[in-house]
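Visitor: Just dropping this structure here.
The values are calculated or read from the model by the stated rules, or taken from the named source; none is laboratory data. Predicted model, so just to flag it, every value in this text is computed and none were measured. Glycine gets a Cβ as well: all are built from the backbone with ideal geometry, and neighbour counts include every protein chain shown.
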Amino acid sequence: MLVIDALSKVYADGTQALARVSLTIEPRTFVMITGKSGCGKTTLLRLIAGLDQATSGAIAIDGKPISGTHHAVGIVFQEPRLLPWLSIADNVGFGLTHLPKDERQTRVAEALRRVGLAEQAKRWPRELSGGQQQRAAIARALVTGPKILLLDEPFSALDALTRADLQDQLLTLWQESQTTLIMITHDVDEALLLADRVVVLQPQPGHIVADIKIDLTRPRLRSETSFETTRRALLAALDRPLVELDR
Amino acid sequence: MTEAFANASLAGRPSKAASKFRLALALPAWAYGFILPVCFCVFWEMSVRAGVVQGRLMPAPSRVAETLFNLARSGELLTHSAATVSRVGAGFALGAAAGTLIGAICGASFTVRRFLDPAIQALRAIPSIAWVPLFILWLGIFETSKIVLIAAGVFFPVYLGVLGAIASVDRKLVEVGRAFRLSRSALVFRILLPAALPEWITSLRSGLGLGFMFVVAAEFMGASEGLGYLLVDGQQLGKPDQILAAILAFAVLGKTCDAMLVLLTTPLLAWQDRVRDRL
């Protein structure tokens, strides 16, 4: 279980990105964080990842407070960020160098197979399409078996077809691995199609304005009435003026 | 590649007149570079033979070629070239290793850089030749002082290249290393150095170029063999043909060493998404 307690972040220039954000995330849930640009969603994710330090507040995994990067937390960035000088297989195995060679190879091969890149193992990152590169990045993060996988708008740079494809794949990977997924998106439909729970942030400073549980059964279809109802609720949370929310 | 492409487009050309016009230019890619020097040599040779210029100070290309041939046949050319190349090789290895090591440490550690970089930059401002008298006093007239001088010349471009390359590594890739909880030294070896590799190789090439520059200075300061010695000897005995022969040998050696460096390092850069410069 991930517990975020009154997390605040003030940047060096004085901008407050997050103000006392608290959130409890049960294991194995798929949580989407959404909100307008500048609402602090990426800041929140970077704090959980340990890439930035919070100004105040605490983060704990299974009751143990964490600071800095943690082996139980993996991250997939907006861009694939593969290391161009390593083959796809070596990129995926980047976090496994402490393992003996055979075990590493077995796990890399398995991870590549699961994201459908078994054939591309020996290629350079530049030889892959954007969607394939992002799949390799997901494999790289998942292969170490993190309890929590953070994804920062991982599909935002992809075309609609590739994105739909990767969304399906991510769902399958999540169901197989049973990791907690925390993903940022600015796409309401993406949130509704994938998540168990959608957390909506509002800016100035970033705070949570809505926390919506999504009970729709998977696979979800946009054409269902319940989908549309939840969608409206979510859109309302995103657009509601701040004054009304504070009440 | 360019060559094959040019030939292919040539073959596809139907008009005979056009292909005739093209034929004059359809040389292999490397041959273009020879056109100007060859024309220049022919012009020079003719000028000397016609008596327009004095052959005694401006020996004709045929004369230079003859000298070069004689030096080669007697084995002198090999001896002198070997002496020069081994000096450059030793100095380059020393300077490049030191430049890479210190550049990498300064690039990876802000604290070390703050202490070391200003001093190194100050030393860099001194023309390396100015060290010659001191090196001779300290290290004697023989090989050591020469190799150290060359190493000093090679050190600076390599140091600057590595430092600059590490400073310009994409922050986003460094963050990947942090996300995988790499230690500082792992970050250097697994992210910073590989990312800096292309610029490092470029800096090695300029270092090698400087190595050849400094070997001449080193051999001027008193040597009994080496191409630099041939230059001094040619000046003192009034043999301009020998000077030109040595200069030619320098050109060929320098180019060959650079080409070998490129050839050796090309496999390291196979991952790069760019057209590699031809030699």
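Visitor: When only residues in the range A:56-75 that are assigned to a strand (DSSP E or B), more than 8 Å from chain B (Cβ to nearest Cβ) and of a type outside the set (Lys, Arg) count, which is surrounded by the most Cβ atoms within 10 Å (Cβ to Cβ)?
Guide: In this case the residue turns out to be A:Val73.
Visitor: Go through (1) within 11 Å of chain B (Cβ to nearest Cβ); (2) over 30 Å from B:Glu199 (Cα atoms); (3) in a helix (DSSP H, G or I) for A:Ala141 and report which single condition fails.
Guide: Against the list (1) within 11 Å of chain B (Cβ to nearest Cβ); (2) over 30 Å from B:Glu199 (Cα atoms); (3) in a helix (DSSP H, G or I), A:Ala141 comes up short only on (2).
Visitor: Would you mind stating whether A:Gln78 is of a type outside the set (Val, Ile, Thr), in contact (Cβ under 8 Å) with a residue 12 or more places away in the chain and not in a helix (DSSP H, G or I)?
Guide: Yes; evaluated as a whole, the condition is true for this residue.
Visitor: For A:Gln78, state whether it is surrounded by fewer than 19 Cβ atoms within 10 Å (Cβ to Cβ), modelled with pLDDT of 85 or more and more than 8 Å from chain B (Cβ to nearest Cβ).
Guide: yes
Visitor: Before we move on, is A:His186 over 24 Å from A:Glu79 (Cα atoms), touching a residue at least 60 places away in the same chain (Cβ under 8 Å) and either surrounded by fewer than 12 Cβ atoms within 10 Å (Cβ to Cβ) or touching a strand residue (DSSP E or B) at 6+ places or on another chain (Cβ under 8 Å) (or both)?
Guide: So A:His186 does not fit the description; no.
Visitor: Specify which of the listed residues (B:Leu210, B:Leu192, B:Leu231) is in contact with a Pro (Cβ under 9 Å, 6 or more places away or on another chain) and of a type in the set (A, V, I, L, M).
Guide: That would be B:Leu210, the only listed residue that is in contact with a Pro (Cβ under 9 Å, 6 or more places away or on another chain) and of a type in the set (A, V, I, L, M).
Visitor: Exactly one of these conditions fails for B:Ile141: (1) within 14 Å of chain A (Cβ to nearest Cβ); (2) part of a loop (DSSP other than H, G, I, E, B); (3) in contact (Cβ under 8 Å) with a residue 40 or more places away in the chain. Give me its number.
Guide: (1)
Visitor: If I filter the range A:191-208 for residues that are in contact with a Leu (Cβ under 9 Å, 6 or more places away or on another chain), surrounded by fewer than 21 Cβ atoms within 10 Å (Cβ to Cβ) and at pLDDT below 75, do I get at least one hit?
Guide: There is no residue in the range A:191-208 that is in contact with a Leu (Cβ under 9 Å, 6 or more places away or on another chain), surrounded by fewer than 21 Cβ atoms within 10 Å (Cβ to Cβ) and at pLDDT below 75.
Visitor: When you scan the range A:89-99, do you find a residue that is within 12 Å of chain B (Cβ to nearest Cβ), in a loop (DSSP other than H, G, I, E, B) and either under 16 Å from A:Leu201 (Cβ atoms) or out of contact with any Asp or Glu (no Cβ under 8 Å at 6 or more places or on another chain) (or both), even just one?
Guide: Yes, the range A:89-99 contains at least one residue that is within 12 Å of chain B (Cβ to nearest Cβ), in a loop (DSSP other than H, G, I, E, B) and either under 16 Å from A:Leu201 (Cβ atoms) or out of contact with any Asp or Glu (no Cβ under 8 Å at 6 or more places or on another chain) (or both).
Visitor: Check every one of the helices (runs of 4 or more DSSP H) wholly within the range B:169-279 and list those with 3 or more residues that are touching a Leu at 6+ places or on another chain (Cβ under 9 Å) and away from chain A (no Cβ under 14 Å).
Guide: B:193-220, B:227-236, B:240-265
Visitor: Filter the range A:105-128 down to the residues that are in a helix (DSSP H, G or I) and either under 20 Å from A:Glu176 (Cα atoms) or of a type in the set (S, T, N, Q) (or both) and list them by number.
Guide: Once the filter is applied, which keeps residues that are in a helix (DSSP H, G or I) and either under 20 Å from A:Glu176 (Cα atoms) or of a type in the set (S, T, N, Q) (or both), the range A:105-128 yields A:Gln105, A:Thr106, A:Arg107, A:Val108, A:Ala109, A:Glu110, A:Ala111, A:Leu112, A:Arg113, A:Arg114, A:Ala118, A:Gln120.
Visitor: So, in the range B:80-138, how many residues would count as being free of Cβ contacts under 8 Å to residues at least 12 places away in the same chain and touching a helix residue (DSSP H, G or I) at 6+ places or on another chain (Cβ under 7 Å)?
Guide: Result for the range B:80-138: 2.
Visitor: When the residues of the range A:6-27 are narrowed to those that are surrounded by fewer than 15 Cβ atoms within 10 Å (Cβ to Cβ) and of a type outside the set (S, T, N, Q), which ends up modelled with the lowest pLDDT?
Guide: It comes out as A:Gly14.
Visitor: On the given criteria, is A:Gly38 in a loop (DSSP other than H, G, I, E, B), more than 12 Å from every other protein chain (Cβ to nearest Cβ) and in contact (Cβ under 8 Å) with a residue 12 or more places away in the chain?
Guide: It is true that A:Gly38 is in a loop (DSSP other than H, G, I, E, B), more than 12 Å from every other protein chain (Cβ to nearest Cβ) and in contact (Cβ under 8 Å) with a residue 12 or more places away in the chain.
Visitor: Every residue in the range A:96-118 that is surrounded by fewer than 22 Cβ atoms within 10 Å (Cβ to Cβ) and in contact (Cβ under 8 Å) with a residue 40 or more places away in the chain, please.
Guide: Matches in the range A:96-118: A:Leu96, A:Arg114, A:Gly116.
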